[in-house]
Each structure stands twice: as structure tokens, then as C-alpha cells.
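Novice: Let me give you the structure first, and then I'll get to my questions.
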Amino acid sequence: MIAVTGANGQLGRSVLRFLKDLGNEPIRALVRTPEKVQDLATAQVSVVRFDYDDPASLPEALEGVDRLLLISGSELGRRVPQHAAVIEAAKSACVKFITYTSLLNVPGTQLILGAEHVETERLLEKSGIAHVCLRNGWYLENFAGTIAAALEHGAVVGSSADGKTSIAGRDDYAEAAARTIAGDDLSTRAVELAGDEAITLQDLANEISRQTGRRIPFQNLPEEDYAGILRGAGLPDGFARAIADASARTAQGELYNSSSALREIIARPTRTLPDYVTEILSASKPGS
């Protein structure tokens, strides 16, 4: 049996869809509040309570599970103890293989967003459980707010200068995770997942300009100024600082990797920037 943590999240739901397409192996969708997501349940998929903050309940939820997809938690600053609880529960339940959704260029990354991934990878190493760390690049979907702000204010802003970001779509990473957790290779390894494209924020501004017919420039800002803009847009201070830090460190190559492993795993091209910008612009039209 395969189990998927965070199964009600955007990535988790996409993974479940791909897993169902790959075969008939039983799947356990692990969620915090099962009664709210019974739409996930099918003859193949069972929905089970799995609360990171209730560690004592976790081993029972993993009973009978051979393979576990550990989708990294979304609560910055709390992910290490949460992930540690999951890994300990997996050991107790005799899970044989874990796939973890990590971050591009771990363990060498200096990103604020990377620290908890670095520690989780260390915990997996110490666990003795065979595992693979899928080091995901940047999601195209992370640019949704940037594009919306550019349309409203007339500029793309960030702190990345001419640094390139390796990008792919959420479904690309989800399919890679599904194929990995359901695949035949159960060896311990790490895989850098970079999309076919690597873009600068100037490239993003150019693409928005091309598709809208407007002149949308890119404005490179000091990191602290960019963090202030993010806070002004409603992001919590810690998250705003982490995003601004990621943007600034992009200028140093932190979010770039030339690996072709993602394309090889999913056996197709990864999603493109023009395709994603088209989707966002279509959704922003009145009546859409």
C-alpha cells in the first residue's frame, strides 16, 4: 500500500490523480480532517486521519503501508518536528520506502526556505529507511501573485537581478512524485528536479508584456524593500522574509539547476512559462 501525506493539498491531490492512473495498488490519503475531504475516497483510495501535531496517532495510520510519500509540510518553522514525527511513525510501522518532496540544491542551499529541508533530509538519513529526496525546483504557480501584482501595478518586482530560476508546473512535480513512489527503484538517492526552462524575472515581465500588449518592466529591488512590499500585500513577516530571501539568492544561482531528471521521469516536456501566463491571464478576464 502507498500512503500520501498532505493528500488534501494542491500537490497531494495531483499526486493522487497520477497514482490512480498508474495502477490499482491501494492508496491511503493521509489528511488532518478526513470528514472534510471524503471526495478523495474511492474504491482504491481510503482517507485516514493523520495529524502531524498528534504524533501518538501516526503509527496506527501507517499500519500496512509499504511506501510513504512525505509531502513537506506548509507551516514554516514547524516542519522539522512535524516531519520527524512522521519519520518516527514510519519506523514504528515498518514502512519500507519513503519519498520526500525536498528543495532544489539541498543540502548546499542557503535559502531560508531550505533549512527545514536540509534537516529533514538528515533525519531520513538517520532513520535507516530506504528513501529518495525529490529536490523540487520552483513551481510556476508560485508566480501567480507576481503576475497579478504586475497586472495591477504595471511592473514585475523582485530582488533576483538577472538570476535564473528553474521552473516547472505543479503537475510536473506531482507526476514525478507519483512515478517515484510507485516505481521499481527503491534505492536511497536524491534527485534534482529542474524543469526544461530556467527564467529570469525579466523573462517573466517580457512574457506578460507580450501577451497583454502592455509594457510591463522588471524592477529589481533591495531584498528588504521587496520584503516590505510582500508584507504590505498581506504576507506574514516570516514568510515575506523567506520569499524575499529566495528572490535575492536567485541572483546567486540558488534556484537554478541544469538537471534533466524531471523530464526523464515524467517522459514529457515540463510546463512552460508562456503556457502558465496564458492560463493566469485567461482566469483574470471578467466572467472567467
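Novice: Residues that are within 15 Å of GLY73 (Cα to Cα) and over 23 Å from the mean Cα position of the chain (by Cα): list the strands (runs of 3 or more DSSP E) wholly contained in region 1-58 that include at least 3 such residues.
Specialist: none
Novice: In region 110-135, which residues are farther than 14 Å from ILE181 by Cβ, more than 16 Å from the chain's Cα centre (by Cα) and of a type outside the set (A, V, I, L, M, F, W, C)?
Specialist: Listed by number, the residues that qualify are GLN110, GLU119, ARG122, GLU125, LYS126, SER127, GLY128.
Novice: Evaluate region 96-106: report whether one residue or more is farther than 28 Å from ILE27 by Cβ, surrounded by 15 or more Cβ atoms within 10 Å (Cβ to Cβ) and either out of contact with any His (no Cβ under 9 Å at 6 or more places or on another chain) or in contact (Cβ under 8 Å) with a residue 40 or more places away in the chain (or both).
Specialist: Yes, there is a match, as at least one residue in region 96-106 is farther than 28 Å from ILE27 by Cβ, surrounded by 15 or more Cβ atoms within 10 Å (Cβ to Cβ) and either out of contact with any His (no Cβ under 9 Å at 6 or more places or on another chain) or in contact (Cβ under 8 Å) with a residue 40 or more places away in the chain (or both).
Novice: Working carefully through the options ASP162, ASP172, ASP196, ASP184, find the one that is buried (at least 18 other Cβ atoms within 10 Å of the Cβ), of a type outside the set (Lys, Arg) and at negative phi.
Specialist: One residue alone meets the criteria, ASP172.
Novice: Now a separate question. Starting from residues that are among the small types (Gly, Ala, Ser) and either in a loop (DSSP other than H, G, I, E, B) or crowded, with 21+ Cβ neighbours inside 10 Å (or both), keep the ones in region 81-95 and report whichever is farthest from the chain's Cα centre (by Cα).
Specialist: ALA93
Novice: Filter region 178-202 down to residues that are among the charged types (D, E, K, R) and assigned to a loop (DSSP other than H, G, I, E, B) and give me whichever is farthest from SER160 (Cα to Cα).
Specialist: Here the residue is ASP184.
Novice: Here is a further query. Counting only residues that are surrounded by 16 or more Cβ atoms within 10 Å (Cβ to Cβ) and free of Cβ contacts under 8 Å to residues at least 24 places away in the same chain, which one in region 1-47 is nearest to ILE266 (Cα to Cα)?
Specialist: SER46
Novice: Now for a different question. Can you name the condition, by its number, that SER72 falls short on among (1) in contact with a Ser or Thr (Cβ under 7 Å, 6 or more places away or on another chain); (2) in a loop (DSSP other than H, G, I, E, B); (3) surrounded by fewer than 16 Cβ atoms within 10 Å (Cβ to Cβ)?
Specialist: Among (1) in contact with a Ser or Thr (Cβ under 7 Å, 6 or more places away or on another chain); (2) in a loop (DSSP other than H, G, I, E, B); (3) surrounded by fewer than 16 Cβ atoms within 10 Å (Cβ to Cβ), SER72 violates only (3).
Novice: It is to be established whether one or more residues within region 256-263 are crowded, with 17+ Cβ neighbours inside 10 Å, in contact with a helix residue (DSSP H, G or I) (Cβ under 9 Å, 6 or more places away or on another chain) and part of a loop (DSSP other than H, G, I, E, B).
Specialist: yes
Novice: Can I ask one more? Inspect all residues belonging to region 140-150 and state whether any of them is surrounded by 22 or more Cβ atoms within 10 Å (Cβ to Cβ), at pLDDT 95 or above and in a strand (DSSP E or B).
Specialist: No.
The values are calculated or read from the model by the stated rules, or taken from the named source; none is laboratory data. Everything quoted here is computed from the prediction, not taken from an experiment. Reconstructed Cβ throughout: ideal geometry from the backbone, glycine too, with neighbour counts over all protein chains shown.
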